[in-house]
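See below for the structure under consideration.
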Amino acid sequence: PSGEALKIVSDNAIKLKINNVRLLKKIDYFAGLLHERLNGCNELVQWQAYRTLPLAVLSMYGGGSAGVDIDFLLTYEGSLSGYRMSDDDLSPDKIKSLAELDLKIKYLQDYGFSATDEFDVAIINLVRKGYADDESMRNLVIALEAKIKHDEDVALLRKAWDVFHSSFSKN
């Protein structure tokens, strides 16, 4: 990978406290595969891929040092643990499983991972399979770049209307 990609990957590996050489070599290998496919893409696409990659490698191959397992990561839709209703009639097993769930959610939140989207699933599947499905990866990159462009356009439109909404003048 290039210098910027390598910096993002290494910063994220440090954030996850990955110091196992075997895991670092796997991350480097998959980062090389991703670099070939993401070269020239939007920076946000690259940033998301290189943020998800070390987490996926650690979840898949890290064993006990991983804060979450790969199946949890694949299905993670974000945290609602703060909105959970308290229930006095919970069994000890249920309390224990909720505490474990909260630890996993906190681990992902501390890392800065909010939810798994389709692009993250493609990165995770790259790690699981060991190879990249070029066509599906290309389609996801195109869709993600279109979403980023759309979000930028919506933000620009909202900014244009801010003058009108923030003013008492006849403008």
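The values are calculated or read from the model by the stated rules, or taken from the named source; none is laboratory data. All of these numbers come straight from a predicted model, not from anything done at the bench. Cβ: placed from backbone, ideal geometry, glycine included. Neighbour counts: every protein chain shown. To get the accessible areas, we keep the full protein, side chains included, count just its heavy atoms, and leave off ligands, DNA and RNA. Shrake-Rupley method; radii C 1.70, N 1.55, O 1.52, S 1.80 Å.
Here are a few things to note about the model shown:
- Here's the picture: a label point sits 7 Å out from the Cα of L103 along the beta-carbon direction, and within segment 5-37 the residues with their amide nitrogen under 19 Å of it are 16-18.
- With a threshold of 27 Å on the Cα-Cα distance, the over-threshold entries among K104/K129; K25/K129; K15/K104; K15/K159; K25/K149 are K15/K159; K25/K149.
- Radius of gyration and maximum dimension Dmax of segment 101-171, Cα, Å: 19.2, 61
- Spacing of the two label points (7 Å from each Cα toward its C-beta) at V154 and D110, in nm: 3.2
- By the combined test of axial Cα extent (at least 20 Å) and Kyte-Doolittle hydropathy (mean at least -0.5), the qualifying DSSP H helices of the chain come to 21-38, 43-61, 134-165.
- For Cα Rg over 2.2 N^0.38 Å, the value calculated from this model appears in (i) 0.97; (ii) 1.14; (iii) 1.27 under label (iii).
- Per residue convex hull volume, Cα atoms of segment 14-77, in Å³: 95
- On a per residue basis, the chain carries 65 Å² of accessible surface, using protein heavy atoms and a 1.4 Å probe.
- Extended-chain gain in nm, criterion 0.36 nm per residue less alpha-carbon gap, E118 and E145: 8.4 nm
- Portion, in percent, of the accessible area of segment 1-72 that falls on carbon or sulfur, probe 1.4 Å: 53
- A protection proxy built from the mean count of other Cβ atoms within 10 Å ranks the segments 58-69, 126-137, 145-156, most packed first, as 58-69, 126-137, 145-156.
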